[in-house]
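Data first, discussion second: the structure below is written as structure tokens.
Please treat every number below as a calculation from the coordinates, not as lab data. Computed from a predicted model, the values in this text were never measured in an experiment. Cβ placement follows ideal geometry from the backbone for every residue including glycine, while neighbour counts extend to all protein chains displayed.
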Amino acid sequence: MSTPFLVSDEVASALADRRPVVALESTIISHGLPRPRNLDAAREFESILREQNVTPATIAVLDGVPRIGLDDEGVRRIAEEDLAKASVRDLPVLAGRDGSGATTVAATAHLAALAGIRVFATGGLGGVHRGAQDTFDESADLSTLAVTNITVVSAGVKSVLDIGATLERLETLSIPVVGFGTTTFPSFWLRESSFTLDWAVETPAAVASIMKAQDELGHGQGIVVANPIPADQQWDPAEHDRVLAQAFAAAEAEGVRGKAVTPFLLGYIVEASGGRSLEVNLDLARNNVRVAGLIATEWARLSA
Ligand code: PSU
Ligand code: MN
């Protein structure tokens, strides 16, 4: 018998026992972080969760099968193979053609929710790109979270995006955005942006309460938890601004468009920062995984 997607035994038994599970995406591993650090990162994100007694569910499509929870070999494949970048619309194409792909926030959220996982950690959410009024380039992460019941912990959105427009779209799509311990929306490598949120939540338990209330109110959207990087780990703001300006100029000069934009900018920024942006990216992602683990633990307690 064929199943449309495969949940690993470890993840299936955690879900059946109502133990905490956190979904992890694979695009950040395949396309967002350079080799060979990406393999260490994929393993480390999983072990941060295991240390919290939370089951990690790294998600990817391998040989036509969407997989929720990877074994060691699967984790190695997402780090070392040249996989397609797969958003939600790519899932049926990959599945129908026995293809493989690394799932974006959108595709990971979709598959995680299908499996019944309620909490997801990533680095930064996709959003509205600068210049979107001409290119229409807006990540499917936003439209997917409008119809997907999952809580995503991210360090805001990358400052390469149009943060203000992204927040406006999240409002239009009725996706709650709460700051974890702050009302200042973070900008990925930096703790702050110039944008303010209406709501700060102080504890993982408070996030779980919002999730419960959301269910009771029949609200099927996702929730964005904006979790800023600790001040002592953030990138130097002046250096950040300088390197980003260079990255935009390079993307423009090379005519990079569409789904190639995010990986291009991230790769360029790692190079141009001499690796500093990579260390910050890893720190903020670890921090998000840890907070997601705490939220999943509270959610398991509340929904038991
Ligand atoms: N954040 C990161 N690294 C990444 C991404 C986000 O720290 O690699 C990826 C995510 O998978 C996100 C995707 O879903 O970029 C957004 O791509 P696009 O802008 O093409 O939708
Ligand atoms: Mn895009």
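Less than 17 Å apart at the alpha-carbon level, and either on another chain or at least 8 residues along: which lysines does that give for residue 259?
85, 158
Counting alpha carbon pairs within less than 8 Å and at least 6 residues apart, what relative contact order, in whole percent, applies to the chain?
The normalised contact order for the chain reaches 20 percent.
If all Cα-Cα distances of the range 1-117 are sorted into 5 Å bins from 0 onward, what percent lands in each bin, rounded to whole numbers?
Reading upward from the zero bin: 2, 13, 25, 26, 20, 11, 3, 0.
Could you tell me what a quarter of the Cα convex hull surface of the range 152-196 works out to, in nm² with one decimal place?
Mean projected area for the range 152-196: 3.0 nm², to one decimal.
Quote to one decimal, in nm, the extra length available between residue 136 and residue 40 on full extension: 0.36 nm per residue of separation minus the C-alpha distance between them.
Between residue 136 and residue 40, full extension yields an extra 31.0 nm.
Which whole number in µm²/s is D for the chain by Stokes-Einstein, with the Kirkwood Rh taken over Cα pairs at 4 °C and 1.567 mPa s?
Using the Kirkwood radius from Cα pairs, D works out to 68 µm²/s.
How many angstrom lie between the C-alpha centres of the range 182-240 and the range 71-125?
24 Å
Please identify the GluC sites (Glu not before Pro) of the range 219-299 that satisfy two criteria: DSSP loop assignment and at most 16 other Cβ atoms within 10 Å. Which are they?
Within the range 219-299, the qualifying GluC sites (Glu not before Pro) (loop, at most 16 other Cβ atoms within 10 Å) are 254.
I'd like the distance between the alpha-carbon centres of the range 1-57 and the range 254-301, rounded to an integer number of Å.
Each part's Cα centre sits 16 Å from the other's.
Could you give the size of the charge dipole of the range 1-117 about its Cα centre, using +1 on the Cβ of each K and R and -1 on the Cβ of each D and E, expressed in debye and rounded to the nearest 20?
Using only the charged Cβ atoms, the result is roughly 320 debye.
At residue 97 and residue 6, where each label point lies 7 Å from the Cα along Cα→Cβ, what is the point-to-point distance in nanometres?
The two pseudo-label positions are separated by 2.1 nm.
With charges only on Cβ, +1 for K and R and -1 for D and E, what is the dipole size of the chain about its Cα centre, in debye, rounded to 20?
Around 340 debye, computed over the chain.
If you bin the C-alpha pair distances of the range 123-304 every 5 Å from 0, what whole percents do you get?
Spelled out bin by bin, the range 123-304 gives 1, 8, 17, 20, 20, 15, 10, 5, 2, 1, 0 percent.
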